[in-house]
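Reading through the structure tokens given below for one structure.
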Amino acid sequence: MDKLLKLLLLSTLALPGSATGKPASSTSTVNKRPVQILAATKNMITDDDKDKPAHIVGHVRDASTMKFLPHILVKVKGTHITAMTDVTGHYMLKNLPVGDLEIEVSIMGYETQVHKITTTPDGTFPSDFEMEPAVINLNDVVVSATRNVTKRRLAPTLVNVLDEKIFNRTQSSFLSQALKFQPGLRVEDNCQNCGFSQVRINGLDGPYSQILVDSRPVFSALAGVYGLEQIPTNMIERIEIMRGGGSALFGSSAIAGVINIITKEPASPSASLSHEIRGIGGLSTFENTSNINATYVTDNNRMGFSIFGQIHHRSPYDYDKDGYSEMPKLHGNNVGLRTFFHLSDCSKLTAELHNTREFRRGGDRFDYEPHDAHVAEQLRHNNLTGSINYTFFSKDEHHRLNAFASFMKVKRESYYGGGAKTVEQLLEKAGDATTPFTPDDALELKKRMASYGRTNGSTNVFGLQYSCNIDKLLFMPSELTLGLEYNGDRLKDKSGFRSEAIDQNAHTTSGYIQNEWKTERWSFLVGGRLDKHSLVRHVIVSPRANVRFNPTKDIVLRANYSSGFRAPQIFDEDLHVDNAGGDLIIIQNASNLHEERSNSFSLSADWYKQLGQWQLNLTGETFYTQLRDAFTLTQSRITDKSGKEQILKTRSNSDGAKVIGASIEGRLAYPQLLSIQLGLTCHQSRWDKAQQWNENDAYTTRRMYRSPDVYGYFVSTWNVTKNLDLTLTGNFTGSMLAGHEIPTEEDGKTLAMDEYLGVISANIAYDRVMSGEGQTDKVGEVYGPRTFKTPTFMELGLKAEYSFPIYTYYQAKVFAGIQNIFNAYQKDFDKGYNRDSAYIYGPMSPRSFYAGFRLTF
């Protein structure tokens, strides 16, 4: 009888219009219809009833369009219990505990909503979510700020996020293409032959930045040589960028900042297929990229996995039609898997594995073996990256333990070589009795055949991290984080063009501690890291301090300090070989090289404003980085033990350097209509004392080379109709200094003539020559190594994308566009085998047309 009365009471409470048929509380003002149970009813629950689970059903849809949203994760906070909306936007949470629950829906591009519901035994309760669009959202979750999950608005340091929306709007298929759409970041091409690229943060060289994969520093120096073009965006969920000193948190080389690549976590059953074809410089050189993604998650969300694959091919592109490529030939493929298992309600195991294979070649005579080309840089890569991560948290989520192991193995087969005569021609000469085969010919033959190399690198990272939420420590609630980490890096390189093989075995043992006192308004973080690097005699201490103040919910003020270091090890630029006039340019460390130290300071303000339906976000940051014993490169010519002449860059310690500047970023959006995002960075990167990039160039300057004082970007999208989007993008690069090893004859005063092309190899812009003492900028009197001031560049791109449904629930997209509309591209490339392949600057590709499709299931 008691049970019958309770069922009648519950049925009455659940009727539409009932006085209690409302949510107990919600972060949204939209009526959602979950049921609150009266206290008297809870008192009627018996012990037998508690064994009978409850259920929650509902839908998730866009509040402005009322369109149902499929494949959206709905979760019970504090548990692993989740459900996914089906293709109609509906969900069901089954077998729930009895009592007070918090149901959360969090989607990128919408305001997070939480419903509080009190369940009773064997009951089914409705809870509908109607999500308010939030194109600009300060509640995005990030991990790079503290190594713990936190909302961007509450992070103690400024963290910017690149996500799939930006990848699609800018048509970025690889990491290198996406990174340039962030303030303070600039991606540059450093080699006319093989396309070696690097990313600069706040004006500092690539080796000053730490690239992480899922927060682990496994991206080795060897992987970094060509890695920016080997990481496809279809494996990336988001990229977190933290500008400024990060060494106190992530270790060596995180002086300029951190780029954290977060791979895709399985979330809902889905699949996608896409293909893009691109015409480079017109419609004679093509690039094709095909992607596939698939995800499966069990109904109870205990287990899930995601797989991705990519095939990529690009023909070599020759801009000035001299028979030598400005963009290399590429053929690569990527395949990977990420999976998770909930071992219990409070523990989770995550594993990831992916493989990259790539063939890359630049120069000339692509149908011949590389030693039978006049210039060839050829690489074959086989990279394997993996990780396993175990997470445990207490039921009250006050304690979290994370144990992880990550690795990356890189195998590279290379050829770097060039010269007037190919091996085929030299052998023909040796076999011709009428033509003398000279000692110089023998030396040239030996040099060409010895230019093959094999490089193996392996990086292993092991670590343990513990975090604890303390209700009150001294004066405020706090989060304490402790961690231990071991990073081992082994590098072996054997190449005939090096006088000695490289065999480096570097390892770092680290410990870090930080405590963040935080509330919604204030945050005070103090921490530090201890690193014992095998190439440095002493323990390196890197402190960190941050203050955050939120005077209102929508204003965030931050002040940051951190210290960092770079160890005297092998960097990615050391493992790439430039080519100038057929002579290879290699890098080595000075014998007395010691670590470089840094101190970084920054102030930032983040402001969000809702103006009716318009959403506005402005972010401003000023930064200052001081480098002590900064690494600098000086170029010279030497003759090795075998008599071969080489161009050598030597890395040594200078007195120091300073970088000071500011960046501003703005975002303006009207949901379902318009979105504009833009950023501008201004800074000065200066040595403490004037430097020479080459001992034979008399020009001296405090300004760092290849570092423009001004650069920026914008991305704007107009939703023309429900199905049609137009996106306009732009990248601005200011003027900078670049060193040019001008091809000359043996007398050093005559410009080199390419005997096969019949033209002077050098293409000199005399109006941009920077002259030192005793030098001139007169036509016909510019020889040897010289400094040039580059012009400014403005790239514009336009993309149109049309979406339409297939069989109601599936979606197809077709798109077409043009990048670098006005063909802003370098105009003074050298020609022929004598060219200086390192003299390259400006945009990474000329005007390009593209089209493609994407299917989502």
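Points worth noting:
- Residue count, segment 242-277 (criterion: under 30 Å from K813 (Cα atoms) and in a loop (DSSP other than H, G, I, E, B)): 6
- Of the residues Y705, Y713, the single one that is buried (at least 21 other Cβ atoms within 10 Å of the Cβ) and hydroxyl-bearing (S, T, Y) is Y713.
- Checking every residue in segment 269-277 against the condition of being in contact with a His (Cβ under 6 Å, 6 or more places away or on another chain) and either in contact (Cβ under 8 Å) with a residue 12 or more places away in the chain or within 30 Å of V539 (Cα to Cα) (or both) gives at least one match.
- Those residues of segment 751-777 which are free of Cβ contacts under 8 Å to residues at least 24 places away in the same chain and polar (S, T, N, Q), in sequence order: T776
- Of the set (1) surrounded by 21 or more Cβ atoms within 10 Å (Cβ to Cβ); (2) not assigned by TED's automatic domain parsing to the domain that holds R243; (3) not acidic (D, E), all apply to S106 but (1).
- Filtered residues of segment 480-519 (kept if charged (D, E, K, R) and touching a residue at least 12 places away in the same chain (Cβ under 8 Å)): E485, D489, R490, K492, D493, K494, R498, D503, E516, K518
- Condition broken by R238, with the remaining ones in (1) outside the structural domain of F181 (by TED's automatic domain parsing); (2) closer than 21 Å to H354 by Cβ satisfied: (1)
- Failed condition for I388, given (1) buried (at least 16 other Cβ atoms within 10 Å of the Cβ); (2) within 24 Å of R490 (Cβ to Cβ): (1)
- Of everything in segment 388-421 that is of a type in the set (G, A, S) and at pLDDT 95 or above, the residue that is farthest from the chain's Cα centre (by Cα) is A403.
- Filtered by the rule that a residue be hydrophobic (A, V, I, L, M, F, W, C) and over 23 Å from I211 (Cα atoms), segment 132-171 gives A134, V135, I136, L138, L154.
- Scanning segment 349-372 for residues that are more than 22 Å from the chain's Cα centre (by Cα), surrounded by 18 or more Cβ atoms within 10 Å (Cβ to Cβ) and assigned to a strand (DSSP E or B) yields a count of 3.
- Selection from segment 764-780 of residues that are assigned to a loop (DSSP other than H, G, I, E, B) and at pLDDT 90 or above: I764, A765, S771, G772, E773, G774, Q775, T776, D777, K778, V779
- Of all residues in segment 791-807, exactly one satisfies the criterion of being touching a residue at least 60 places away in the same chain (Cβ under 8 Å) and in a loop (DSSP other than H, G, I, E, B), namely T792.
- Tally, over segment 801-830, of residues that are in contact with a strand residue (DSSP E or B) (Cβ under 6 Å, 6 or more places away or on another chain) and among the charged types (D, E, K, R): 3
- Selection count, segment 293-328, where residues are surrounded by fewer than 17 Cβ atoms within 10 Å (Cβ to Cβ) and of a type in the set (V, I, T): 2
- Restricting segment 648-680 to residues that are under 24 Å from Y208 (Cβ atoms) and not in a strand (DSSP E or B), the residue that is farthest from the chain's Cα centre (by Cα) is D655.
- Meeting the requirement of 1 or more residues that are closer than 18 Å to M131 by Cα and in contact (Cβ under 8 Å) with a residue 40 or more places away in the chain, the strands (runs of 3 or more DSSP E) wholly within segment 67-114 are 73-76, 82-84, 99-105.
- Failed criterion for D830 (all others in (1) in a loop (DSSP other than H, G, I, E, B); (2) of a type outside the set (A, V, I, L, M, F, W, C); (3) surrounded by fewer than 21 Cβ atoms within 10 Å (Cβ to Cβ); (4) at pLDDT 90 or above hold): (3)
- Qualifying positions in segment 833-857 - under 30 Å from K789 (Cα atoms), outside any loop (DSSP other than H, G, I, E, B) and small (G, A, S): S848
- The one condition from (1) in contact with an Asp or Glu (Cβ under 6 Å, 6 or more places away or on another chain); (2) closer than 29 Å to Y608 by Cα that W517 does not meet is (1).
- Residue list for segment 519-530, filter: among the acidic types (D, E) and crowded, with 23+ Cβ neighbours inside 10 Å: none
- Screening F822 against (1) in contact (Cβ under 8 Å) with a residue 60 or more places away in the chain; (2) surrounded by fewer than 16 Cβ atoms within 10 Å (Cβ to Cβ); (3) closer than 26 Å to D709 by Cα leaves a single unmet condition, (1).
- For segment 634-647, taking the residues that are in a strand (DSSP E or B) and surrounded by 17 or more Cβ atoms within 10 Å (Cβ to Cβ), the one that is modelled with the lowest pLDDT is identified as Q646.
The values are calculated or read from the model by the stated rules, or taken from the named source; none is laboratory data. Just so we're clear, the structure is a prediction, and the values are computed from it rather than from any experiment. Here the Cβ is made from the backbone with ideal geometry for all residues, glycine too, and neighbour counts use every protein chain on show.
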